[in-house]
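Peer 1: One structure coming up, written as structure tokens, with questions to follow.
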Amino acid sequence: MAITDKIYIKNHRQIASQLETSIPKGAFSGATLDILFQGDGLAKLDDATRDRVLEFAEDFLDCDCEGNPHCGHPEEKFVEYLLELRAQGLGPDAIVDVMGDDYMLYAYPGDVLSFLDDSVRTLEAVEALADVDGNPSMADRARGMRRDLVR
């Protein structure tokens, strides 16, 4: 299961009440994206919530794909965001706090830790394969990215 399947809307009940409809808790759920960004969904939200939702849209849903927001790019951008937070030295608890402050989202710190561990293992595999394939620049790049995640 992808990490983006484990990212949830903070204050889910309050937002559902403002929208006057039930919505899934998953931030990247297709139904959630459709409800929030089609029709008058945003207009029903209070100012603070609307600002966070718009920031989320600007940072992750800004894509020219025909299938946007269901094209997969929002999830890719969010994964990059999580990896950047880790590269800045934040641990799982701090990452959860920052994404809550930035976008009114939450995740369980254990899920974030598992994602980060999987990312390190993937980079180790890329590094090893690049070494075997005789691609030292890719191996060095993967090694550097892995070091950023494990510090």
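Peer 1: Select from region 1-20 the residues that are farther than 19 Å from VAL98 by Cβ and either under 12 Å from the mean Cα position of the chain (by Cα) or loosely packed, with under 12 Cβ neighbours inside 10 Å (or both) and list them in ascending order.
Peer 2: MET1, ALA2, ASP5, ARG13, GLU20
Peer 1: Next question, about the same structure. When the residues of region 24-48 are narrowed to those that are under 25 Å from VAL79 (Cβ atoms) and modelled with pLDDT of 85 or more, which ends up farthest from the chain's Cα centre (by Cα)?
Peer 2: PRO24
Peer 1: Follow-up question, since we're still on this one. Taking only region 6-18 into account, find how many residues are closer than 16 Å to ASP34 by Cα and either of a type in the set (Phe, Trp, Tyr) or modelled with pLDDT of 90 or more (or both).
Peer 2: Residues flagged as closer than 16 Å to ASP34 by Cα and either of a type in the set (Phe, Trp, Tyr) or modelled with pLDDT of 90 or more (or both) within region 6-18 amount to 2.
Peer 1: Hey, another quick one. Within the set of pairs 6 or more residues apart or between chains, which connect a residue that is more than 19 Å from VAL53 (Cβ to Cβ) and free of Cβ contacts under 8 Å to residues at least 24 places away in the same chain inside region 91-115 to a residue that is open to solvent by less than 30 Å² (accessible area, probe 1.4 Å) and among the β-branched types (Val, Ile, Thr) with Cβ atoms less than 7 Å apart?
Peer 2: Listed pairs, sorted by first residue: ILE95/VAL112; PRO109/VAL96.
Quick grid of which residues meet (1) under 21 Å from ARG151 (Cβ atoms); (2) in contact with a strand residue (DSSP E or B) (Cβ under 6 Å, 6 or more places away or on another chain):
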residue: ARG50; (1), (2): no, no
residue: GLU76; (1), (2): no, no
residue: ALA94; (1), (2): yes, no
residue: GLY100; (1), (2): no, yes
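Peer 1: Right, another one. Give the residues of region 26-41 that are without any contact (Cβ under 8 Å) to a residue 24 or more places away in the chain and surrounded by 16 or more Cβ atoms within 10 Å (Cβ to Cβ), sorted by residue number.
Peer 2: Result: GLY26, SER29, THR32, ILE35, LEU36, GLY41.
Peer 1: Mind checking which residues of region 49-105 are among the aromatic types (Phe, Trp, Tyr) and more than 20 Å from LEU116 (Cβ to Cβ)?
Peer 2: Listed by number, the list holds a single entry, PHE56.
Peer 1: Which one of these does PHE28 not meet: (1) farther than 22 Å from TYR81 by Cα; (2) not in a helix (DSSP H, G or I)?
Peer 2: (1) is the only condition that PHE28 fails.
The values are calculated or read from the model by the stated rules, or taken from the named source; none is laboratory data. What you see is a predicted model; the values in this text were computed from it and never measured. We place every Cβ from the backbone using ideal geometry, glycine too, and count neighbours over all the protein chains shown. Heads up: the accessible areas ignore ligands, DNA and RNA and are worked out on the full protein's heavy atoms, side chains in. Shrake-Rupley method; radii C 1.70, N 1.55, O 1.52, S 1.80 Å.
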